[in-house]
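Here is the structure we will look at.
The values are calculated or read from the model by the stated rules, or taken from the named source; none is laboratory data. Owing to the predicted nature of the structure, the values given are computational and were not obtained by experimental measurement. Counting neighbours? That spans all protein chains shown, and the Cβs are built from the backbone with ideal geometry, glycine included.
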Amino acid sequence: MNVPFQSAVRDSQSEEMEVKIRGLMMDPVTNMPIVVLKDVHSEALVPIWVGIFEANAIALEIEKTATPRPMTHDLLANLIRALDGEVRRVVITELRDDVYYALIWMESAGELISLDARPSDALALALRTDCPIFLTGQVLQTTRMANVGVENFSAEELRRWLENLNDEDLGRYKM
């Protein structure tokens with residue numbers, strides 16, 4: 001999908017909240033990795049469960065660990081730069097049937113191009129290209145209303161638990 005850069009940003013800005021990766025941790029119930037996103041203007045937190053390999057790619061970049069050869073997300077970032085493109089933003093756009101969806105917005109030759117992506121891949125690429133990360137209002141609303149799927153916790157208990165995380169809870173992957 002190619003759209004002029006200015007109109008795409010203007011249309012999407014009003015519904016988005018900028019977030020940073022607060023940390024990476026393991027879900028104490030499912031033992032699955034969680035990327036914790038935090039609103040840059042408030043204390044709001046949004047957990048996103050990701051796969052082990054994607055969590056490793058995110059952790060490598062958080063820790064600034066060099067690998068002997070480029071990993072997949074490094075390759076993507078290098079390819080984009082080599083083609084004179086720039087990743088402008090990553091937007092987690094939707095939560096549907098317990099699956100998150102994301103778009104990577106790239107600028108190339110004066111046009112903004114959106115690419116469908118898994119949020120974990122989009123986040124790993126955002127870290128490598130130092131671009132901002134956003135959540136849409138729909139994701140925030142759906143996340144607040146969704147049963148997060150953790151059987152031993154209510155949505156309210158999980159929200160309180162995430163809000164009270166400290167640096168020690170996030171372990172070596174804190175930001």
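Looking across the range 57-71 at every residue that is without any contact (Cβ under 8 Å) to a residue 24 or more places away in the chain and surrounded by fewer than 12 Cβ atoms within 10 Å (Cβ to Cβ), the one that is nearest to the chain's Cα centre (by Cα) is identified as K64.
Checking each residue in the range 31-56 for being small (G, A, S) and over 14 Å from the mean Cα position of the chain (by Cα) picks out S42, A44.
Any idea how many residues of the range 72-123 are surrounded by 15 or more Cβ atoms within 10 Å (Cβ to Cβ), part of a loop (DSSP other than H, G, I, E, B) and over 13 Å from the mean Cα position of the chain (by Cα)? Total satisfying the criteria: 1. Tallying residues that are assigned to a strand (DSSP E or B), charged (D, E, K, R) and touching a residue at least 60 places away in the same chain (Cβ under 8 Å) within the range 20-38 yields 2. Checked against the criterion of being under 16 Å from I104 (Cβ atoms), of a type in the set (V, I, T), at pLDDT below 85 and outside any strand (DSSP E or B), the range 2-10 has at least one qualifying residue. A count restricted to the range 37-53 and to residues that are surrounded by 12 or more Cβ atoms within 10 Å (Cβ to Cβ) and of a type in the set (D, E, K, R) stands at 2.
Selection of the range 124-133 for residues being under 8 Å from the mean Cα position of the chain (by Cα) and over 10 Å from I58 (Cα atoms) yields only I133.
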